[in-house]
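> First the structure, then my questions, so here it is.
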Amino acid sequence: MHEPTAITATEEKSWQDLANCLGVDPDLFFPERGASTREAKEVCRGCVVQGECLEYALANGEKFGIWGGMSERERRRIRRQRALARAAAADAASATA
């Protein structure tokens, strides 16, 4: 009989539990229109789960705030670029079929 494999503390935690912003005032990440996003982005810089945070925001259509070190405008640009890349890949696939 095998003993169950021990789960490390890191594996038990979700990406949110590992984020630099844990415990930081959420208002920092939702600045008023026209206000600086620099401080929020500084918290994100170097965060070990920055990529997961950004992908979460993109997948869930987050319209407000700083997620993964990016503003909504920056995330909109990524969504647009990915949509264009998918369309180009679909066109290329149908052209070779």
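The values are calculated or read from the model by the stated rules, or taken from the named source; none is laboratory data. Bear in mind that the values here come from a model prediction, so they are computed numbers and not experimental data. Don't worry about glycine lacking a Cβ; one is built from the backbone with ideal geometry, like all the others, and counts go over all protein chains shown.
> Show the residue pairs meeting these rules: Cβ distance below 7 Å; 6+ apart or different chains; first residue within the range 43-58 and under 21 Å from residue 77 (Cβ atoms) and of a type in the set (A, V, I, L, M, F, W, C); second residue assigned to a helix (DSSP H, G or I) and modelled with pLDDT of 95 or more.
44/50; 57/75; 58/75; 58/78; 58/79
> What number of residues in the range 64-97 are among the β-branched types (Val, Ile, Thr) and either touching a residue at least 60 places away in the same chain (Cβ under 8 Å) or over 30 Å from residue 20 (Cβ atoms) (or both)? Reasoning before the result, please.
Looking only at the range 64-97, we keep the residues that are among the β-branched types (Val, Ile, Thr), and these are 66, 78, 96.
Okay, now just the ones that are also either touching a residue at least 60 places away in the same chain (Cβ under 8 Å) or over 30 Å from residue 20 (Cβ atoms) (or both), so 96.
Total meeting the criteria: 1.
> Could you pull out every one of the helices (runs of 4 or more DSSP H) wholly within the chain that has 1 or more residues that are surrounded by 13 or more Cβ atoms within 10 Å (Cβ to Cβ) and modelled with pLDDT of 95 or more?
Filter on the chain gives 38-44, 50-59, 72-96.
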